[in-house]
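Notes follow the structure.
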Amino acid sequence: MQTRTRFMAVMFTLVVLLVSTSSVLAQEISCTVCHDDTTLITGKQAGLSEAVHGTGEAYLRGTSAGCAGCHSGGAFSAMVAQGLTPDTVEVGDPNPTRQDCRTCHAVHTSYTEADWALETTAAVPLFAFENKTYDGGKGNLCANCHQPRRAIDAADPNDNIAVTSTHWGPHHGPQSAMLLGIGGASVGAGGSSFHYKMIEDSCVTCHIGPNMVHTFEAVTSGCSECHGEDFDLDSKQDEIAKLIVELGELLKAKGLLDEEGHPVVGIYPAAEASALWDFIFIAIEDGSLGVHNPPYTRDLLEAAIAALQ
């Protein structure tokens with residue numbers, strides 16, 4: 001009886017070992033779907049290492065509750081998982097991280113190619129604007145953070161607006177609002193950009209492209225599909241750049257902008273404060289030199305310049 005018991009115990013142990021080994025082998029085989037001898041991963045990491053998202057220059061801001069959702073890669077994933085927005089994150093990240101593969105992708109949840117799925121592609125209500133939603137396919141992932149933190153305040157009874165700090169303005173990521181044609185101050189809503197309405201997956205199409213380049217630099221090779229081979233993007237951006245310089249000089253002459261390009265705290269006529277807001281919105285924060293929404297950008301700049309002359 002004891003011999004049979006020992007035999008059964010040995011057989012059970014062997015079965016357990018076989019099942020465990022089989023499970024480990026299966027997992028190892030699934031890992032090779034991504035972790036192989038190609039540059040599938042390392043190529044993306046090389047590109048990301050050159051991008052501001054990947055260098056981690058401002059990740060320590062993630063220790064603050066008001067900044068964690070967008071400045072820490074880990075906190076961004078947690079924010080998305082909890083269905084929060086950057087303005088509703090209540091705690092900072094005690095161990096903030098730069099934005100890496102895990103920030104945007106569902107890494108190591110299935111150990112298959114499904115791990116490349118984006119954390120979210122749900123449409124994004126812009127929390128600074130009532131009833132305004134960004135719905136740009138895969139670009140919705142980006143819009144969770146690339147949206148203004150605030151709209152410009154209404155003028156007081158004396159038709160003045162207070163510039164309250166040297167960091168006054170919409171904050172660092174207003175690109176989604178610019179694409180929708182909202183967020184500026186000098187003129188009303190300008191209408192959604194054709195780049196928003198006509199380009200599938202918006203940000204991802206233009207900043208990653210078909211080759212999945214992860215530097216996030218604009219992929220201008222695709223412009224010719226709509227604009228033709230003779231389209232001169234540089235000249236279009238140069239025109240906007242000249243308007244930006246003109247507006248900046250007028251703001252400095254009026255004392256609203258210092259020599260380093262920071263807002264000067266004070267109370268100003270609403271038209272002048274609006275011109276300052278739009279300079280920050282376009283020149284400092286959007287950063288596309290008009291590409292995101294050419295007509296709206298030009299309208300804002302021309303209205304702001306006219307208000308200061």
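The values are calculated or read from the model by the stated rules, or taken from the named source; none is laboratory data. The structure displayed is predicted, hence computed values, not measured ones. Positions of Cβ are backbone-derived with ideal geometry, glycine not excepted, and every protein chain shown enters the neighbour counts.
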Could you check region 80-101 and list, in sequence order, the residues that are within 15 Å of the chain's Cα centre (by Cα) and under 28 Å from HIS35 (Cβ atoms)? VAL80, ARG98, GLN99, ASP100, CYS101
Set VAL89, VAL107: member being without any contact (Cβ under 8 Å) to a residue 12 or more places away in the chain and among the aliphatic types (A, V, I, L, M): VAL107
Looking at (1) touching a Gly at 6+ places or on another chain (Cβ under 8 Å); (2) within 29 Å of CYS223 (Cα to Cα); (3) modelled with pLDDT of 95 or more, can you tell me which one VAL245 breaks? (1)
Scan region 250-274 for residues that are more than 29 Å from the chain's Cα centre (by Cα), aliphatic (A, V, I, L, M) and surrounded by fewer than 17 Cβ atoms within 10 Å (Cβ to Cβ) and jot them down. ALA253, ILE267
Could you pull out every one of the helices (runs of 4 or more DSSP H) wholly within region 173-284 that has 3 or more residues that are within 25 Å of ASN160 (Cβ to Cβ)? 233-254, 270-279
Output for region 161-170, where each listed residue is surrounded by fewer than 17 Cβ atoms within 10 Å (Cβ to Cβ) and either small (Gly, Ala, Ser) or within 18 Å of THR133 (Cα to Cα) (or both): ALA162, SER165
Out of (1) part of a helix (DSSP H, G or I); (2) at pLDDT 95 or above, the odd one out for ARG61 is which? (2)
Identity of the residue in region 108-135, in a helix (DSSP H, G or I) and not small (Gly, Ala, Ser), that ends up modelled with the lowest pLDDT: GLU113
With respect to the numbered conditions (1) of a type in the set (Gly, Ala, Ser); (2) within 23 Å of ILE208 (Cα to Cα); (3) touching a residue at least 12 places away in the same chain (Cβ under 8 Å), which one is the sole condition not fulfilled by SER30? (2)
Filtered residues of region 88-101 (kept if among the charged types (D, E, K, R) and at pLDDT 95 or above): GLU90, ASP93
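Out of region 85-107, which residues are among the basic types (Lys, Arg) and either surrounded by fewer than 17 Cβ atoms within 10 Å (Cβ to Cβ) or not in a loop (DSSP other than H, G, I, E, B) (or both)?
Residue satisfying the conditions is ARG102 alone.
Which of the following residues is in the same structural domain as VAL291 (by TED's automatic domain parsing), surrounded by fewer than 15 Cβ atoms within 10 Å (Cβ to Cβ), polar (S, T, N, Q) and under 22 Å from ALA51 (Cα atoms): ASN211, ASN158, ASN144?
ASN211
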